[in-house]
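Shown next, in structure tokens, is the structure this report addresses.
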Amino acid sequence: MRKRKTLLLQRISIPALLSFFASLLLCGLIMSAIITNKVHLDRLRMEQLVMEKSIKLTEVIHKLLYKTEALSALVIQSDGKVGNFERVASTLVDDPAISNVLIAPAGIVSHVYPLRGNEHVLGFNFFQNRDGNIEARMAKATGQLVFGGPFTQVQGGQALVGRLPVYMDGPGGDKHFWGLVSVSLRYPQVLDGVGLPLLEKQGYAFEIYRTNPDTGMRQIIAGSDYAYDKSARFIEKSMEILNATWYFRISPVKLWYWYTETWILLFIGLLVSGLAAFVVQNNHELKRMQERLEEMAQIDALTAIANRRHFMATAPALLSQAARNRQRCFIIMLDVDHFKNINDSYGHAAGDEALKCIAMRIKKTLRPYDLLARYGGEEFIILVVGVEQETAEKLSARVRLSICESPIMVDDTPIQISASFGLAPVESESGLEESIRHADSALYEAKKAGRNRSVSYSPSGEGPSGGLPSGEALPPRTPPPGA
């Protein structure tokens with residue numbers, strides 16, 4: 001017997017052994033690639049589900065809470081007397097998810113619909129210290145619709161609420177706080193229309209939670225019946241519902257090696273070695289496509305700087321950080337002078353080269369943390385953070401000089417270029433769109449004043465065209481042919 005085993009080992013050649021171990025290595029690579037691909041696709045699926053459910057949940061809550069606008073209009077039109085509250089309120093309570101609507105002059109509930117079952121809420125003071133009243137004080141302080149909950153109501157049961165402050169015109173024309181209007185949504189019934197239980201049928205455990213502003217503790221808003229496996233992968237996204245931040249977490253119920261089909265696939269991988277190349281290429285293409293899509297969503301293809309979409313998505317975060325640090329911010333808009341003449345005289349290829357060169361010159365002049373983007377056509381936009389007015393104006397002047405101080409060479413042909421600038425401060429986190437309009441108005445004034453100059457927006461009424469004082473300009477350079 002021993003002699004037979006020795007003879008068998010002697011028959012196995014070195015190439016055979018190498019092929020055997022190579023096959024084992026290849027099978028290991030195949031198994032690893034397939035599992036990685038499955039995990040990646042599962043992650044993409046979870047991200048898609050979280051996005052879909054977050055959007056649906058936000059839409060459902062917004063739709064119901066904005067009924068407070070109708071109550072506010074009722075109060076204002078009736079000069080605070082709300083004599084026809086019952087009639088208007090009955091038309092608003094048109095969804096089974098709505099528990100009640102109410103009005104509270106000076107924060108004390110005077111009317112509620114339906115009254116039956118909500119009698120205990122009459123006379124309730126929203127500005128007393130108890131759960132759920134932080135949102136009422138926040139609404140008064142901000143002047144905005146504020147979302148809160150879930151918490152236990154005075155009349156029993158839990159609810160999500162929207163509090164909207166109402167301001168009336170005073171004798172002197174000043175606004176004064178009249179009180180609050182509110183819509184209460186039945187919880188958890190209001191979540192029924194989102195279709196969260198379907199996630200369990202699709203093989204995912206989920207959890208929605210928030211940080212309770214009254215206790216500072218984590219509060220579970222909705223969740224599946226499955227317990228989370230600590231070793232399981234999960235996706236967690238935040239969603240903003242008015243002032244509130246909720247967190248949506250999703251995880252597969254089963255780990256990948258619990259599935260029978262996984263083992264079948266691994267067995268097939270031992271037999272079909274050529275599958276490795278396909279899976280690796282498939283993973284490569286998925287990754288390359290995702291990177292390309294992300295780049296296309298953020299980068300301007302011609303100038304290789306940020307595009308308008310990326311600018312509008314990124315600027316609010318920078319403004320919020322600057323507001324916390326009490327820093328001033330400015331918008332600089334610039335438009336290339338006589339750009340149409342460059343295209344007409346030298347061709348569109350020369351125009352493209354000019355835009356790329358301008359973008360490069362601007363980028364070299366700016367600080368690393370200034371946000372530059374191509375706003376559209378030959379127009380660029382810059383967000384300058386943490387500077388005063390004088391510094392922003394000097395920065396605008398330096399950028400202008402960097403553009404016009406030397407010609408651009410296109411096919412050994414020098415093309416003289418210049419740009420007109422408009423500068424405006426960003427007064428608040430929510431004032432980005434308004435500041436862009438102001439900077440654009442200042443840019444228009446710069447062009448009216450002769451181009452190749454920088455104009456700062458001023459609401460004081462001084463300066464040309466209703467408060468847009470002209471900035472310093474270099475002596476005009478020779479424009480392109482046909483300018």
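A short reminder: the numbers here are calculations on the coordinates, not readings from a lab. Because the structure is predicted, anything quoted here is derived from the model rather than measured. Methodologically, a virtual Cβ is constructed for each residue, glycine included, from the backbone with ideal geometry; neighbour enumeration extends over all protein chains shown.
So the values come out like this:
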item	result
Linear extension gain, TYR66 paired with GLU119, 0.36 nm per residue minus alpha-carbon span	16.7 nm
Listed pairs LYS56/LYS363; LYS363/LYS447; LYS67/LYS175; LYS56/LYS175; LYS175/LYS448 exceeding 29 Å between Cα atoms	LYS56/LYS363; LYS56/LYS175; LYS175/LYS448
In sequence order, calculated HN-Hα J values of segment 361-376 (Karplus, 6.51, -1.76, 1.60; Hz; x Gly/Pro)	5, 5, 4, 5, 7, 6, 7, x, 9, 7, 9, 10, 8, 7, 7, x
Sparse-neighbourhood loop sites, GluC sites (Glu not before Pro) in segment 400-455 - DSSP loop, at most 13 other Cβ within 10 angstrom	GLU405
Compactness index (Cα Rg / 2.2 N^0.38 Å), segment 66-190	0.98
Pairwise FRET efficiency - LEU29 versus GLU434, Cβ, R0 = 45 Å, nearest 0.05	0.20
Cα-centre dipole for segment 306-473 with unit charges at Cβ (Lys and Arg positive, Asp and Glu negative), debye to 20	400 debye
Set of segment 191-227 residues, backbone N closer than 13 Å to the point 7 Å along the Cα-Cβ line of ILE55	none
Sites SER78 and GLN298, calculated FRET efficiency, Cβ-Cβ separation with R0 56 Å, nearest 0.05	0.65
Computed over segment 344-413, Kirkwood Rh from alpha-carbon pairs, angstrom	13.3 Å
Segment 306-473: relative contact order as a whole-number percent, Cα under 8 Å and 6+ apart	25 percent
FRET efficiency for LEU255 and ALA349, using Cβ-Cβ distance with R0 set to 60 Å, rounded to 0.05	0.60
Whole-number Å³ per residue for the convex hull built on Cα positions in segment 306-473	103 Å³
